Amino acid sequence: MATLVAIGYPDETTATAASLEANRLAKDMIIQPDAIAVIIRDREGKFHVTTNHHAVGGGATWGMFWGLLFGMLFFIPVLGMAVGAGLGALTGKIAKGAINKEFQERIREELQPGTSALFLVVESVTPDKAVESLSKFGGTVLKSSLPKETEEELQEALHGAPVQ
């Protein structure tokens, strides 16, 4: 099982600094470098998203997941993605409980104008290690488990395989 970790910061710059540290520690944390995203909400309330995604095996990878997640959480189109049949199925997976409602509500409350958040998808054996490694940046930690079957379905969809 994987864990979605969001760490909210009270300013616009700390999430970016923490993401650089997460990338440096990626191997130790059993995290894929493209399973890291930063979202900044500037003082005017506009969202700015940074991910380290890249194409894999002819399908999309975590960039699509981040786009769908942030679109669902903050009602913003991210990465200029249009929702087609395949993306619609993936959106349904996310919306139907892959990420619990309390987590969704808390991250919306956390990400106010002038703040930022670091998002990581971490294997279940290391989420505490990941959070501990990033503790020097402070912030508010929120976690949501991704059930194994949902994680597998998301990965299949993200990498171009059919969703069952």
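Read-outs throughout are calculated quantities, based only on the coordinates presented, and are distinct from any laboratory measurement. Source: prediction; values computed, not measured.
For the reader, a short list of remarks on this structure follows.
- Amide H contacts for N52 (H built 1.01 Å from N in the peptide plane; partners 5 or more residues away or on another chain; cut-off under 5 Å): I36.
- Additional length obtainable on full extension of the chain from D28 to V141, 0.36 nm per residue less Cα span: 38.7 nm
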